[in-house]
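Before any comments, here is the structure.
The values are calculated or read from the model by the stated rules, or taken from the named source; none is laboratory data. Since this is a predicted model, take the numbers as computed values, not measurements. So basically every Cβ, Gly included, is an ideal-geometry build from the backbone, and we count neighbours across all protein chains shown. With ligands, DNA and RNA removed, areas are computed over all heavy atoms of the protein, side chains included. Shrake-Rupley method; radii C 1.70, N 1.55, O 1.52, S 1.80 Å.
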Amino acid sequence: MATYKLWGALALTAALGLSQSAMATTELNASIWFPESQPLTKYGYIAWAKKVDAASGGDLKINVFTDTTLLPVVAHLSGLRDGIADITYHAGTYTPADLPEDNVLAILAIGLGDPLLTTFAVADFYMNDPEMLARWKKQKIVFLGAYASVPYNLICRKKVADVGDLKGLKLRTPGPVYAAWAKSVGASSVNVPSSEMFTGLDKGQIDCAAMGSNELKTRSLWDVAKYVNMVNLGPYFSGWEWAMNGKKWRSLTPGQRRILLDTIAESTVETELAYIASGKQAIDESAEHGVTVYQPTAAMEKSTQGFVEHARAMAIAEGKERFHLKDPEGLVTRFEQTLEKWGGLLKGVDRNNPEALKTLLKENLYSKVDENSYGQ
């Protein structure tokens with residue numbers, strides 16, 4: 001009898017130990033509204049969650065919610081701020097009043113052709129610039145990582161071989177500089193979330209979507225849009241790939257914060273390289289789905305070049321007149337300096353070597369972020 005009691009006590013002790021161990025695991029709910037096949041989701045969230053679990057030895061668990069299962073598309077800032085989600089992706093142009101600095105800088109995207117450089121520079125600027133840090137604090141969130149799409153092209157349900165074909169068309173555009181460009185070529189701009197592009201193209205609510213070519217495959221846009229013009233409209237980078245509720249971030253141990261920072265540095269590179277590859281792959285496969293791809297004519301390229309040249313002035317004007325920022329020109333200048341810095345750092349680095357890129361990003365940014373004081 002005593003033996004049974006001893007074994008019972010040991011079993012109870014073991015069970016309590018397991019229970020306490022399970023309770024010790026910190027679970028974080030993360031939401032991204034792209035489908036699981038999209039690189040920002042597949043590599044930035046699903047693969048990253050596994051990386052965090054392995055790096056923490058099971059101490060940190062990321063529960064990933066995709067599509068709109070946890071939050072509506074436009075609520076990925078408010079839901080993060082309110083603690084409905086602990087971590088989110090967010091497209092900053094959906095909430096301009098909450099993120100004015102981010103929206104000012106997003107205007108410059110039309111002149112940026114390098115997604116990898118853009119991603120690294122945005123991460124650096126958003127994690128170190130005093131004005132950006134003050135914005136995150138005001139929103140009660142902590143910025144953790146950036147992204148940049150592949151350069152936007154025109155994905156259309158009607159033939160757009162040259163600039164003249166755009167006259168009278170309805171274009172889904174992601175921001176004011178693109179809306180201004182659309183107007184300049186005789187088209188109109190329609191504000192449609194990327195989650196509604198397929199339906200919009202299918203029903204004729206929009207004629208073209210300014211979007212990365214990867215979405216031909218990721219969202220099956222090639223089923224409803226049979227024409228692509230490869231005019232380079234620059235990458236989309238507004239918002240963040242990873243940001244965290246400030247209160248939840250501060251509840252973590254410094255060691256847990258370090259794990260998140262280190263794994264995000266690695267996943268930033270993996271996600272961006274996969275994003276770039278997915279865009280190329282979609283174009284390579286598009287003919288199999290009846291899609292005709294047009295390279296931009298000189299006239300098409302000229303139509304955008306004027307806006308590249310004026311994007312800086314437009315950004316500063318938006319900052320002053322729309323958002324009433326104190327020094328929008330200073331904001332733009334500091335961002336340009338960060339772009340220049342990373343342009344220099346990336347020179348000579350093999351873009352096909354993920355480990356070299358991870359080392360570069362860690363040594364020049366993430367390893368310098370103090371897990372004890374950042375976001376406090």
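Things to note:
- Qualifying residue in region 234-252 (condition: in contact with a Pro (Cβ under 7 Å, 6 or more places away or on another chain), within 20 Å of G44 (Cβ to Cβ) and either aromatic (F, W, Y) or without any contact (Cβ under 8 Å) to a residue 60 or more places away in the chain (or both)): yes
- Considering (1) of a type in the set (S, T, N, Q); (2) modelled with pLDDT under 95; (3) open to solvent by 20 Å² or more (accessible area, probe 1.4 Å), the lone condition that T304 does not fulfil carries the number (3).
- Residue list for region 232-273, restricted to those being of a type in the set (S, T, N, Q) and under 14 Å from the mean Cα position of the chain (by Cα): S238, S267, T268, T271
- Residues (touching a residue at least 60 places away in the same chain (Cβ under 8 Å), among the aliphatic types (A, V, I, L, M) and open to solvent by 30 Å² or more (accessible area, probe 1.4 Å)) located in region 113-134: L117
- Selection status of T68, touching a Ser or Thr at 6+ places or on another chain (Cβ under 8 Å), among the polar types (S, T, N, Q), open to solvent by 10 Å² or more (accessible area, probe 1.4 Å) and not in a helix (DSSP H, G or I): yes
- Selection count, region 57-67, where residues are polar (S, T, N, Q) and touching a Leu at 6+ places or on another chain (Cβ under 9 Å): 1
- Residues of region 347-359 that turn out to be in contact (Cβ under 8 Å) with a residue 60 or more places away in the chain and either aromatic (F, W, Y) or touching a helix residue (DSSP H, G or I) at 6+ places or on another chain (Cβ under 6 Å) (or both), as a count: 3
- Note on region 274-292: residues that are more than 18 Å from the chain's Cα centre (by Cα) and closer than 19 Å to I46 by Cβ amount to 1.
- Qualifying residue in region 234-251 (condition: out of contact with any Phe, Trp or Tyr (no Cβ under 6 Å at 6 or more places or on another chain) and closer than 17 Å to K159 by Cβ): no
- Looking only at region 79-103, and only at residues there that are under 29 Å from D327 (Cβ atoms) and assigned to a loop (DSSP other than H, G, I, E, B), the one that is most open to solvent (accessible area, probe 1.4 Å): A97
- When restricted to residues that are open to solvent by less than 70 Å² (accessible area, probe 1.4 Å) and either more than 25 Å from L166 (Cα to Cα) or in contact with a Phe, Trp or Tyr (Cβ under 7 Å, 6 or more places away or on another chain) (or both), region 268-284 contains 11.
- Residue among S189, S149 that alone is within 18 Å of the chain's Cα centre (by Cα) and buried (at least 17 other Cβ atoms within 10 Å of the Cβ): S149
- Among the residues examined, A106 does not qualify as assigned to a helix (DSSP H, G or I), closer than 24 Å to L273 by Cβ, in contact with a strand residue (DSSP E or B) (Cβ under 8 Å, 6 or more places away or on another chain) and in contact (Cβ under 8 Å) with a residue 12 or more places away in the chain.
- Residue satisfying all of: in region 19-53; in a helix (DSSP H, G or I) and exposed (fewer than 10 other Cβ atoms within 10 Å of the Cβ); modelled with the lowest pLDDT among these: Q20
- Single match in F143, F198 (criterion: open to solvent by less than 10 Å² (accessible area, probe 1.4 Å) and either closer than 28 Å to D86 by Cα or modelled with pLDDT of 95 or more (or both)): F143
- In region 287-301, residue nearest to N232 (Cα to Cα) [restricted to those that are open to solvent by less than 60 Å² (accessible area, probe 1.4 Å) and among the aliphatic types (A, V, I, L, M)]: M300
- Segments classed as strands (runs of 3 or more DSSP E), wholly inside region 204-267, with at least 3 members that are touching a His at 6+ places or on another chain (Cβ under 9 Å) and at positive phi: none
- Qualifying residue in region 334-348 (condition: over 23 Å from the mean Cα position of the chain (by Cα), modelled with pLDDT under 95 and more than 23 Å from A106 (Cα to Cα)): yes
- Taking the criterion of being hydrophobic (A, V, I, L, M, F, W, C) and under 25 Å from R135 (Cβ atoms), the residues of region 346-376 that qualify are L361, L365, V369.
- Selection status of K167, within 27 Å of V308 (Cβ to Cβ) and either touching a residue at least 12 places away in the same chain (Cβ under 8 Å) or surrounded by 24 or more Cβ atoms within 10 Å (Cβ to Cβ) (or both): yes
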